[in-house]
1. Let me confirm something: among B:Met216, B:Met174, B:Met236, which residue is at pLDDT 95 or above and part of a loop (DSSP other than H, G, I, E, B)?
2. Output the strands (runs of 3 or more DSSP E) that fall wholly within the range B:1-95 and possess 2 or more residues being of a type in the set (Asp, Glu), or say none.
3. Might you check whether a residue that is within 14 Å of chain B (Cβ to nearest Cβ) and in contact with a helix residue (DSSP H, G or I) (Cβ under 6 Å, 6 or more places away or on another chain) occurs anywhere in the range A:118-134?
4. Quickly run through the range B:316-339 and pick out the residues that are in a loop (DSSP other than H, G, I, E, B), surrounded by 22 or more Cβ atoms within 10 Å (Cβ to Cβ) and within 14 Å of chain A (Cβ to nearest Cβ).
5. Would you confirm whether or not the range A:265-275 contains a residue that is within 19 Å of A:Gly287 (Cβ to Cβ), touching a residue at least 12 places away in the same chain (Cβ under 8 Å), of a type in the set (A, V, I, L, M) and touching an Asp or Glu at 6+ places or on another chain (Cβ under 7 Å)?
6. All but one of (1) surrounded by 24 or more Cβ atoms within 10 Å (Cβ to Cβ); (2) charged (D, E, K, R); (3) under 19 Å from B:Ser361 (Cα atoms) hold for B:Asp292; state the number of the condition that does not hold.
7. Yes or no: the range A:305-312 includes at least one residue that is more than 21 Å from A:Glu54 (Cα to Cα) and either in contact (Cβ under 8 Å) with a residue 60 or more places away in the chain or in contact with a helix residue (DSSP H, G or I) (Cβ under 6 Å, 6 or more places away or on another chain) (or both).
8. Only one of (1) buried (at least 22 other Cβ atoms within 10 Å of the Cβ); (2) under 15 Å from B:Tyr124 (Cβ atoms) fails for B:Arg67. Which number is that?
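The values are calculated or read from the model by the stated rules, or taken from the named source; none is laboratory data. Owing to the predicted nature of the structure, the values given are computational and were not obtained by experimental measurement. Methodologically, a virtual Cβ is constructed for each residue, glycine included, from the backbone with ideal geometry; neighbour enumeration extends over all protein chains shown.
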Amino acid sequence: MTKSSSSPMGSNAALDTRPEPPATRLKHRHLLGIADLTPEEIVLILDTAEAMQEIAHRPIKKVPTLRGRTVVNLFFEPSTRTRTSFEVAEKRLSADTLNVAIATSSVVKGETLVDTALNLEAMSPDMIVLRHSSSGACHLLSRVCRSKIINAGDGMHEHPTQALLDAFTIRRHKGRLSGIKVAILGDLLHSRVLRSNVLLLTKLGAEVWVCGPPTLVPPGIERLGVKVTHVVEDAVRDADVIMMLRIQLERMQGAFFPSLREYFNVFGMTEDRVSLARPDVIIMHPGPMNRGVEIASEVADGPYSVILEQVANGVAVRMAVLYLLAGGAENETAA
Amino acid sequence: MKRLLKGGRVVDPANGIDGAYDVLIEDGKIARVERNLPVPGGDVQVVEVASGLVLCPGLIDMHVHLREPGQEHKETIATGTKSAVAGGFTAVACMPNTSPVNDSAATTELILKKAAEAGLARVYPIGAVSRGSNGEYLADIAELHAAGCAAISDDGRPVATALLMRRALEYASMFDMPVIDHCEDPSLKGDGVAHEGFHASVLGLRGLPGAAETIMVQRDVTLAGFTGGRVHIAHMSARGSLRAVRDGKAQGFNVTCEVAPHHFVLTDEALAAPIQFDTNCKMNPPLREQADVDAMLEGLADGSIDVIATDHAPHSADEKTVEFDRAPFGIVGLETCVPLVFDRLVHPGRITFARAIELLSVNPARILRRPGGSLAAGAVADITVLAPDASVTVVPGKLVSKSKNTPFGGWTLRGAAAATIVGGRTVFTNPDVAGASAFA
């Protein structure tokens with residue numbers, strides 16, 4: 001790692017053409033949501049992730065950037081992808097990591113979220129990566145904790161690192177975000193991935209279409225600058241990117257649609273539907289997938305699927321977020 | 001003991017009075033309200049009313065939660081009535097969702113005994129519609145009435161079924177008591193925590209649509225017409241509900257309604273800024289969108305809304321410092337009501353001073369069939385002294401209520417209660433208002 005450059009991992013050409021001067025640091029001390037980021041900050045994170053990506057291809061996949069820093073991964077919801085992705089990112093940056101799993105914590109004894117966090121804080125972590133089932137849980141902790149809070153998914157609100165890794169993946173394939181058509185389909189109502197992606201993609205100038213049954217469309221979502229449709233064909237026609245959202249079977253007691261079979265017939269992503277998109281379309285899914293519900297297996301495993309690449313990119317993007325929140329190049333110089 | 005309040009402006013819409021009058025109090029009752037009253041002989045205290053202070057019939061908040069018995073860590077009858085008089089209220093009607101629920105004479109009597117011991121605001125208990133407010137069997141309504149309940153309600157939840165509401169209206173009509181309903185359709189409400197709309201969508205909060213309220217208001221209005229009973233809609237918030245109430249009134253049904261200050265001052269945008277996910281902006285009904293707020297303002301101005309009531313709902317800081325969806329619904333309201341009404345309604349010219357007093361005093365007294373709402377000779381000497389031009393800054397830590405859960409912290413507003421007089425006796429003077437101490 002160089003200590004003088006503001007692009008510490010060595011320069012990596014930004015693929016966007018950016019009219020704004022590039023940001024060199026993040027304004028906020030937490031990453032609570034995409035809502036708080038400027039377009040320039042988003043580009044900074046994506047550019048930094050490009051540099052981080054290179055580390056994964058080294059024989060020794062570790063840099064000393066966060067040596068001596070402690071990061072707590074506080075996960076109140078089951079998570080495979082996000083938790084392991086953060087943990088790998090932290091370890092590659094040489095941070096000390098502490099995983100707090102819900103089953104062994106005091107929460108089952110009735111301890112509040114704030115008390116749990118304050119007790120963990122007594123051990124002086126630098127950052128807390130929080131996954132929680134309640135929207136706004138990260139905002140709550142950001143008001144009572146000294147540590148920097150990274151939102152790893154809060155209820156139905158935001159999942160900023162997922163949107164960042166999705167943008168990173170799109171940018172790698174399309175070279176840009178501005179002007180491309182992105183269709184997002186599935187359970188829009190309960191999806192934090194949707195909200196973060198809509199905020200990010202519209203900030204960077206993508207044309208975003210969202211599609212799902214009216215029962216699963218958040219009211220007023222069009223005010224975020226997206227086109228809402230209930231016709232899959234309209235959403236995917238000439239799309240550069242098709243992003244599938246999981247049908248959250250655990251939330252489906254509310255009779256949002258008649259049956260999984262009917263859902264697949266009306267909204268499932270099949271090869272026929274994909275064929276309406278641009279020939280170089282990419283298919284994304286934040287996982288975990290329900291094959292045969294929102295996405296046909298042929299599509300999930302097809303040549304245009306970048307689903308596994310998303311997972312790989314997640315590590316680089318999370319490394320970038322951790323690095324920038326820790327102070328980025330400024331902090332390194334000071335150290 | 002006589003008290004002569006000399007030289008102030010009196011606003012007493014029930015008697016068509018607005019001007020410079022003196023008020024003579026004798027034995028806890030209004031004796032005379034006239035211009036330039038002579039100082040009577042005998043034992044008399046003369047209070048020179050400072051300019052800028054206005055004497056009104058005592059304000060009555062017909063929707064508060066005093067939390068006692070059972071939830072004394074949030075509020076007690078003593079602290080709640082202290083908060084009431086500090087907000088200018090001479091009387092409050094307290095909802096029955098205590099622990100145990102006020103569905104018996106014993107609980108009603110306990111509340112009245114504690115209120116008498118506190119000796120501050122008058123307390124009018126509201127009894128439960130159904131036993132335990134469980135929505136199954138009618139509570140002993142005659143017993144509740146005899147013990148002193150002014151109304152019945154299952155507040156916190158709606159009267160469960162149309163049949164139960166019908167029976168409650170029919171039965172309560174024997175005692176000329178209103179049935180106060182917290183209107184929401186439980187299936188439409190679901191597990192919603194915020195007004196269903198743009199802001200809840202963006203913040204990922206489960207929605208609680210205005211239609212959930214309106215459907216139940218429509219049911220109750222229909223039943224008011226069907227039974228002839230007296231329906232009072234609690235804390236109305238949705239514009240569709242106001243249309244339903246207007247429709248019922250136009251048909252001559254016995255329907256009245258109240259709106260809480262936060263529902264004509266704040267919108268659901270408060271969930272997004274200045275503090276995202278502020279649990280002090282979580283109440284039920286929720287803060288609604290601008291069109292609903294506009295409708296409430298219109299209803300307040302045109303007379304279709306009868307009452308401003310605070311839905312004072314104290315919760316401890318521990319209970320509110322949790323994830324938004326786990327926090328209890330409700331905010332304290334007694335001490336911010338007068339400033340909000342004057343700053344947001346009277347001073348901008350949306351309603352007149354007299355109309356504010358109708359909403360805060362005349363109509364609640366009439367609906368609850370309780371004394372007050374008037375400064376006519378012979379009326380109880382419940383008087384609120386207002387300082388409509390005094391500037392107040394809301395400091396949550398300084399609220400008298402045991403709980404501090406207000407979204408108005410830091411707001412500076414024009415309008416304050418200067419002094420509160422119950423039965424001729426001063427129970428509160430505001431140290432921050434010039435001239436208030438003369439009432440001590």
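1. Answer to the selection: B:Met236.
2. Here the list reads B:17-26.
3. Yes.
4. Within the range B:316-339, B:Glu323, B:Ala327 qualify.
5. yes
6. (3)
7. No, the range A:305-312 has no match at all.
8. (2)
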